[in-house]
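Student: Before I ask anything, let me first share the structure, which is written out below as structure tokens.
What follows draws every value from the coordinates through simple rules; no lab data is involved. The structure presented is a predicted model; accordingly, all values stated were derived computationally and were not measured. A quick note on method: Cβ atoms are made from the backbone with ideal geometry, for glycine too, and the neighbour counts reach across all protein chains shown.
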Amino acid sequence: MSRHIVVVGAGAAGLTVAQELRHLGYEDALTLVGGEDHPPYDRPPLSKRFLAGEATAEHLHLAGPDDLERLDATVHRGRRAVAADLGARTVTLAGGAVLPYSDLVVATGVTPRTLPGTAGLPGALTLKTLDDARALNARLRPGQRLVVVGGGFLGTETAWTALALGCRVTLVTPTPTVLPGLGGRVGSLAGERLAAAGATVLTHVAVDTVRKGDGLPRGGEIDVLLDDGTRLPAETVLVAIGSRPDTEWLSGTGLDLTDGVRCDATGRAAPGVHACGDAAAWYQPPTGRHLRLEHRMHAGDQARAVAADLMGGHRELDRVPFFWTDQGPNKIVVHGLITPDAEFEAHETDTGHDRFTGIYRTDGQVCAVLGWNDPRGAMGLRRALLTGPVAPASGGSRQVVAASG
Ligand SMILES: Cc1cc2nc3c(=O)[nH]c(=O)nc-3n(C[C@H](O)[C@H](O)[C@H](O)COP(=O)(O)OP(=O)(O)OC[C@H]3O[C@@H](n4cnc5c(N)ncnc54)[C@H](O)[C@@H]3O)c2cc1C
């Protein structure tokens with residue numbers, strides 16, 4: 001009997017599943033449902049080169065018209081799936097079309113969290129899509145005030161880009177440092193660099209209220225009120241406080257949606273249903289836990305594994321997840337998973353070139369390695385991470401990175 005694989009979500013994960021299926025010889029019907037009215041595109045540049053005006057939308061495309069033609073798939077653009085019936089094996093699209101499937105792949109990613117009071121407030125934005133990035137870019141003019149709420153990757157990257165565009169940037173985070181996921185030492189260094197580049201970085205402080213400005217001559221269009229009483233007027237506020245899986249359309253299906261679509265170690269969520277990418281939490285045999293990551297490379301890796309599984313094969317996930325972030329001129333790469341209690345220790349430092357590598361340990365075991373402007377060094381440590389304990393750097397010159405870097 002011929003199959004019909006329906007992939008919902010036409011981002012990096014969804015497109016990769018479709019392409020890999022064809023690559024592996026799948027010849028039956030294939031449908032790709034994309035909620036956005038754009039060809040599949042890559043998101044990481046949205047806070048970096050695209051936002052800075054250094055890349056066009058075409059640079060971001062993951063598949064051109066010819067690639068999509070070759071995919072020989074029915075592609076729905078600008079149409080969201082609104083429901084699924086796992087028993088009847090159908091997906092319903094906005095507008096009412098019902099697609100029968102033999103296999104469903106959920107690749108719907110995440111959607112940004114917002115702050116109360118920001119819905120419909122002009123100038124209060126989130127950054128997830130190409131359209132979001134265009135809207136933000138249009139406001140980032142020299143001298144304009146931008147308040148970034150959130151000190152994670154998205155918030156800090158955007159702050160750097162806005163500084164480069166000549167904006168006055170204030171970043172607010174309730175955490176002790178920016179990039180808290182990288183630990184206090186690297187986070188402190190990242191915050192110091194951002195401040196040295198001209199941003200006002202406010203840590204240990206949370207946003208109380210975001211509201212329309214008071215209209216006073218020097219007042220902004222928006223007032224951001226902090227819980228210590230500070231008022232930050234701004235023309236633009238970027239709310240970058242994390243995301244939640246875009247899985248509401250699956251509610252009532254019986255799938256476990258506690259934190260994304262819960263899957264086994266091969267991406268299976270239920271009979272006839274797989275999930276991958278930011279929206280999926282896969283079982284990790286070594287830890288006995290489910291893990292959901294929002295990393296670009298991981299999305300592609302899982303997508304290829306799902307395609308293999310759908311074709312009756314098997315493809316191991318990369319054992320060591322990888323992500324990167326561009327903090328202005330500084331490129332940080334991380335291999336592995338940094339646990340909240342991990343301790344960071346510098347491995348090799350080259351102060352002259354503002355470069356170092358480091359190792360995160362939890363309970364004495366290496367769980368991740370980092371490269372600050374040193375992707376090669378981090379790659380070398382990654383090999384060690386795969387094969388066994390990491391030896392001290394030559395000359396035993398290990399040192400903990402001081403906050404002052
Ligand atoms: C601004 C930005 C910068 C980033 N920078 C980095 C970085 O430097 N390094 C890194 O490792 N990662 C980065 N990421 C994360 C990376 O982009 C994601 O991990 C990756 O895009 C995940 O791919 P995905 O296909 O799972 O989800 P997505 O790319 O989010 O694609 C999901 C797609 O599904 C669509 N969709 C949602 N619901 C429905 C529905 N009901 N019906 C139909 N379609 C639907 C969405 O519209 C979206 O197009 C960044 C993300 C953003 C937003």
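Student: Taking 41 Å as R0, compute the FRET efficiency from the Cβ-Cβ separation of Lys331 and Arg231 and round it to 0.05.
Tutor: Working: r = 35 Å, r/R0 = 0.86.
E(calc), rounded to 0.05, equals 0.70.
Student: How big is the shadow of the Cα convex hull of the chain, averaged over all directions, in nm²?
Tutor: 21.4 nm²
Student: Here's another thing I want to ask about it. Subtracting the Cα-Cα distance from 0.36 nm times the residue separation, let me have the gained length for Ala88 to Asp264 in nm, one decimal. Please report the intermediate quantities before stating the final value.
Tutor: Numbers: separation 176, 0.36 × 176 = 63.36 nm, distance 2.21 nm.
So the chain would gain 61.1 nm between Ala88 and Asp264.
Student: While we're here: Based on alpha-carbon atoms only, what is the radius of gyration of the range 219-354 relative to the globular estimate 2.2 N^0.38 Å?
Tutor: Rounded to two decimals, the normalised Rg is 1.41.
Student: A further question follows. Can you tell me the FRET efficiency between Leu291 and His204 if r is taken as the Cβ-Cβ distance and R0 is 25 Å, rounded to the nearest 0.05?
Tutor: Given R0 = 25 Å and the Cβ-Cβ separation, E is 0.30.
Student: Over the chain, what is the relative contact order in percent, taking alpha-carbon pairs closer than 8 angstrom and at least six residues apart?
Tutor: RCO, the chain: 14 percent.
Student: Based on DSSP H runs of at least 4 residues, each adding -39500 (n - 2.57), what is the mean residue ellipticity at 222 nm of the chain after dividing by all its residues, to the nearest 500 deg cm²/dmol? Present the calculation step by step, with values, prior to reporting the outcome.
Tutor: Numbers: 8 runs with 86 residues, N = 405.
Calculated at 222 nm, the ellipticity per residue is -6500 deg cm²/dmol.
Student: Checking understanding here: applying a Kyte-Doolittle mean of at least -0.5 and a length along the axis of at least 15 Å (C-alpha), which whole DSSP H helices in the chain pass?
Tutor: Details: long enough: 12-23 (16 Å, 0.12); 153-164 (17 Å, 0.74); 184-196 (17 Å, 0.21); 296-310 (22 Å, -0.28); 375-387 (18 Å, 0.02).
TM-like helix candidates: 12-23, 153-164, 184-196, 296-310, 375-387.
Student: With the Cα gyration tensor of the range 25-124 giving a ≥ b ≥ c as the square roots of its eigenvalues, does the rule (a/c under 1.5 for rounded; else a/b larger than b/c for prolate; else oblate) give rounded, prolate or oblate? Please list the in-between numbers first.
Tutor: Numbers: a/c = 2.73, a/b = 1.31, b/c = 2.09.
Because a/c hits 1.5 or more and a/b fails to exceed b/c, the range 25-124 counts as oblate.
Student: For the chain, which longest stretch is free of loop sites, where a loop site is one of the GluC sites (Glu not before Pro) that DSSP puts outside H, G, I, E and B and that has at most 16 other Cβ atoms within 10 Å?
Tutor: Of all site-free stretches, the longest is 55-315.
Student: Which of the trypsin sites (Lys or Arg not before Pro) across the range 256-352 are loop residues per DSSP, with 14 or fewer other Cβ within 10 Å?
Tutor: Details: sites: Arg262, Arg268, Arg289, Arg292, Arg296, Arg304, Arg315, Arg319, Lys331; in loops: Arg292, Arg315, Arg319.
Counting only loop positions with at most 14 other Cβ atoms within 10 Å, the trypsin sites (Lys or Arg not before Pro) in the range 256-352 are Arg319.
Student: List the relative contact order of the range 114-239 as a percent without decimals, with contacts defined as Cα pairs under 8 Å and 6+ residues apart. The partial results should precede the final answer.
Tutor: Numbers: 263 pairs, mean separation 36.5, N = 126.
Taking the mean separation of contacting Cα pairs over the length of the range 114-239, I get 29 percent.
Student: When only C-alpha pairs under 8 Å and at least 6 residues apart count, what is the relative contact order of the range 329-396, in percent?
Tutor: The value is 32 percent.
Student: Something else now. Could you give the distance between the Cα centres of the range 80-105 and the range 206-272, to the whole Å?
Tutor: Cα centroid to Cα centroid, the span is 27 Å.
Student: So how long is each side of the range 114-239 along the principal axes, counting just the alpha-carbon atoms, biggest first, in Å?
Tutor: Extents along the principal axes, in whole Å: 40, 32, 25.
Student: Please state the charge dipole magnitude for the range 114-239, taken about the Cα centre, from unit charges on C-beta atoms (+1 on K and R, -1 on D and E), reported in debye and rounded to the nearest 20. Write out the running numbers ahead of the final one.
Tutor: Details: 12 positive and 11 negative charges, 56 e Å.
Taking the Cα centre of the range 114-239 as origin, the dipole is about 260 debye.
Student: Give, in whole angstrom and from largest to smallest, the semi-axes √(5λ) of the equivalent ellipsoid of the range 329-396, with λ running over the eigenvalues of the Cα gyration tensor. Don't jump to the answer; show the numbers that get you there.
Tutor: Details: eigenvalues 66, 35, 24 Å².
Taking √(5λ) for each eigenvalue gives 18, 13, 11 Å, largest first.
Student: Assuming R0 = 22 Å, can you tell me the calculated FRET efficiency for the pair Leu317 and Arg361, based on Cβ-Cβ distance, to the nearest 0.05? Write down the numbers at each step before the final one.
Tutor: On the way: r = 23 Å, r/R0 = 1.04.
Computed FRET efficiency for Leu317 and Arg361 comes out at 0.45.
Student: Under a cut-off of 14 Å between alpha-carbon atoms, report the aspartates and glutamates in cross-link reach of Lys331, not counting same-chain residues fewer than 8 places apart.
Tutor: Straight-distance partners of Lys331: Glu157, Asp354, Asp374.
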